[in-house]
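**Q** Okay, handing you the structure first.
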Amino acid sequence: MLEIRDLTVAIDGESTPILKGLNLSINSGKVHAIMGPNGSGKSTLSHVLAGHTGYSVLQGSIQFMGQDLLVLAPEERAILGIFLAFQYPVAIPGINNMYFLKEACNRIRQGRHEKSLDAVDFLAQVRTHLKQIGLDESFLKRSLNDGFSGGEKKSNEILQMLMLQPKLAILDETDSGLDIDALQAISKVINQQRTPQRSWLLVTHYQRLLSYIQPDYVHILYKGRIVKTGDHNLALRLEKEGYGWLQAEATHTVEGHD
Amino acid sequence: MVMDRQQADWQAHCQGLLQQIGCREATWLKDWRHQHLEQALALSFPNRRHEIWRYTDMTAWRSADLSLSLPLEALRAYQNTIHKETVLAQLLKMPSVYRAVFYNGHLQQTHTQDLPSQAIISNWTTLLQQNPELVQDICTRLQYKESAQLFKSLNYALMQDGLLIYLPKGVQLKQPIVMVSLHKVGEKSTAPTLSCNQHWIYLEEGAKAVVWQVSIGLDAQNNIAYYHNVATDIQLARGAQLTHYQLQSHTQQAQHLSMQRVELQRDSQLEQHSIALGGRLARQEDQIILQGEGAQACVSGLTVTMGCQQVDHDLNIQHIAPHTTSKTTCKAIAAQRSKSVFKGGIHICPHAHGTQAHLQNTNLLLDPTAEINTKPELNIENNDVQCSHGAVVGSVDQEAKHYLQSRGLSKQEAYRLLVNAFAKDRLQAIHHPSIYSVTEQMTLDKLTRIAELNLS
Ligand SMILES: Nc1ncnc2c1ncn2[C@@H]1O[C@H](COP(=O)(O)OP(=O)(O)O)[C@@H](O)[C@H]1O
Ligand SMILES: [Mg+2]
């Protein structure tokens, strides 16, 4: 489904890359977790997949469902089925949360040649999802992410995800900021949403999320590269030992090449 | 010598304009006009070397070959137009309001059914016949209020009509008063017309009113300018409350100059909302004088400019008495080559202890060719005050745009939503439902036109 090859990315206008030849492939129905220390490039990868214009791809390619993702605008990627739950969702006073959700939902449905939802169907769906993630309906009346607590912002991202029904859901540290109840509710929803057609890229710092959502693969992103891939046990090791040992291994690898 | 020549032409021109005004007026009024014309002509014409005119070029007012709009022509044109304009139909349809409609500066109709006795909503040209002493009394009081200002003196000299709103002690109107000012260049005219209005809003002790002042330029396609000079004098006696909504949607050729002075006595309250959308050059000068202890003023503003428009908002708030409060929130959106100028002057006098004055000016610059000038000016003469002020100029937030696009909205749609969102809180501050809906619609129409430009 997703095929990233040799991806090298820098902040737009700069030459030092953040991602340095990253390779990753994700098949349909699989859950991939990406872990890595702060600043290793996890959000950069997420943003590049979603089409953020603030980064420039210096090298490499991304294929998604057989298409060259890099030539597509963010909205085209969304229609194709990419969804990024932002690490820091943007607050926009003056845009109503429900209005926005409906616009987004119907733009994407139109783009996918599906019928737009009328007000009644839309509301019915939203209500169901609100209940699933434990949010009050008054939530919809507020401005988009404006004055939301950290946890509410993350929950709102999941609400959007549920409405937009992506093929690849990228959750960038969605677990941080959520209290334990919300984390459990959201994990449960995500598990329900696991289907053979949908893939997941879970970016996280903590093993905690992965004890609720069993990943098929765990990758470690370190200094712009995937340096290790394993299963859930890799996450457990990180939890116990931290990232320190990676430093040693990485140095070792470099020395080995010499 | 060029200057002298221009000045001489300008003087001759103004004198010519004064002669166009009916000669059957009372002697005191004739004298009053002449006196103010002399005063106006004695003042030097605004020059961009003067600090207050630094961003604003008024020379069109001097160089245009203006003629005054005539009452009979206005009446005829109004009757021909009234059925054709949808916006007019919308305004005239508004239920439960008192209403006065002006066309090119002349009153055409009023609707004042069920107005409490002693309250007045009437134009002063009518009052001149019914109660000339009242008009003379108001005029006499007006002229000593402030130092001479060229365009105001000119307004006094050439004023053609205007509304008097008077509410006696304790009268609280339940319905809003809608003052509509329509402008249209005559079918056959090739030269610009000038209309000068003088409005008076006087609320006695404890009186309460909502006034909506709407100025609209009809026939937006016509590329001949019209000129509108309007002065408004507002007095709020002890405990009086005025909510003053303003919406101007002049044509892109219009020259609009509005000068307003509000005096607030003890514990009185002003809430003002100014939405400015139109005009080639539209300038609003507000003077708010917090004269009595405990007086409060809340000012909200939104200007939207595009093309080669310039809109100025020159706001001056004087805190004279102790424990007075002012809160100003003004926003501007400027696209293309347009210009937006904001001055927020706050003066806190030595005796005005316990004063609170807050001013925030936030601006959205949509194109690098557009220009926004903002200048908060604080002058504080005592220590016991709470003051804050801030001015920000920004462009469309790229992170927000990316966020919206990542949810399937096109670039243009994201842009449109973000621009609308910026304006939203100024519109939502309008609490009267039908005033809100007309204002919102006109503002969104304009913002949509701006978003469409961005599309191409
Ligand atoms: N917009 C940006 N401007 C400047 N530096 C950035 C920007 N985005 C990311 N970086 C830098 O790139 C590196 C990777 O950041 P990021 O992808 O956010 O890491 P992570 O999500 O793994 O913590 C960090 O050193 C960060 O400071
Ligand atoms: Mg990150």
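**Q** Rounded to the nearest 5, what % of the DSSP beta bridges within the protein assembly as shown are antiparallel ones?
**A** For the protein assembly as shown, the DSSP antiparallel bridge percentage is about 20.
**Q** Further, regarding this structure: Test of understanding: given chain A, find the longest segment containing no GluC sites (Glu not before Pro) that are in a DSSP loop and have at most 13 other Cβ atoms within 10 Å.
**A** Longest site-free region, per DSSP loop and neighbour criteria: A:115-258.
**Q** Now a separate question. Sort out the exposed loop GluC sites (Glu not before Pro) in chain B (DSSP loop, at most 15 other Cβ within 10 Å) and tell me the longest stretch that has none. Could the numbers behind the result be given before it?
**A** Details: sites that count: B:GLU25, B:GLU146, B:GLU187, B:GLU381.
Value returned for the longest uninterrupted segment is B:188-380.
**Q** Follow-up. Determine the calculated [θ] at 222 nm for chain A from helices alone, applying -39500 (n - 2.57) to every DSSP H run no shorter than 4 residues and normalising by the residue count; nearest 500 deg cm²/dmol. Mind dumping the intermediate values first?
**A** Details: 9 runs with 105 residues, N = 258.
-12500 deg cm²/dmol, from helical runs alone.
**Q** List the aspartates and glutamates whose Cα lies under 13 Å from the Cα of A:LYS240, skipping any in the same chain that are fewer than 8 positions away.
**A** Candidates past the 8-residue exclusion: nothing left.
**Q** Among bridges DSSP assigns within chain A, what percent are antiparallel (round to 5)?
**A** Just about 60 percent of them are antiparallel.
**Q** Same structure, new question: Straight-line reach only, C-alpha to C-alpha below 18 angstrom: list the lysines that B:LYS339 could link to, leaving out same-chain residues fewer than 8 apart.
**A** List returned: B:LYS331, B:LYS375, B:LYS446.
**Q** Cα centroid distance between region B:308-328 and region B:93-151, in Å?
**A** A separation of 25 Å, based on Cα centres.
**Q** Starting at 0 and stepping by 10 Å, how many percent of the alpha carbon pairs of the protein assembly as shown end up in each bin?
**A** With 10 Å bins starting at 0, P(r) equals 3, 13, 20, 19, 14, 12, 10, 6, 3, 1, 0.
**Q** Would you mind checking A:LYS141/B:LYS184; A:LYS131/B:LYS411; A:LYS102/A:LYS188; B:LYS30/B:LYS184; B:LYS30/B:LYS208; B:LYS93/B:LYS145 for any pair whose Cα atoms are more than 30 angstrom apart?
**A** Over 30 Å apart, Cα to Cα: A:LYS141/B:LYS184; A:LYS131/B:LYS411; B:LYS30/B:LYS208; B:LYS93/B:LYS145.
**Q** For chain A, how big is Rg over Rh, using alpha carbon atoms and the Kirkwood form of Rh?
**A** Answer for chain A: 0.97.
**Q** If the cut-off is a Cα-Cα distance under 17 Å, which lysines reach A:LYS223, setting aside same-chain residues fewer than 8 apart in sequence?
**A** A:LYS20, A:LYS42
**Q** What 222 nm value per residue comes from the helices of chain B, counting each DSSP H run with n ≥ 4 as -39,500 (n - 2.57) and dividing by all residues, nearest 500 deg cm²/dmol?
**A** Here the helix-only value at 222 nm equals -9000 deg cm²/dmol.
**Q** Between region A:106-138 and region A:166-197, how many Å separate their Cα centres?
**A** Centre-to-centre (Cα) distance: 18 Å.
**Q** Which percent, nearest 5, of DSSP beta bridges in chain B are antiparallel?
**A** The answer is about 5 percent antiparallel.
**Q** Going by a ≥ b ≥ c, the root eigenvalues of the Cα gyration tensor, does region B:51-198 fall in the rounded group (a/c under 1.5), the prolate group (a/b larger than b/c) or the oblate group?
**A** oblate
Values quoted throughout were computed directly from the atomic coordinates according to the rules given, and no laboratory measurement underlies them. In this text, all values refer to a predicted model and were calculated from it rather than measured experimentally. Here the Cβ is made from the backbone with ideal geometry for all residues, glycine too, and neighbour counts use every protein chain on show.
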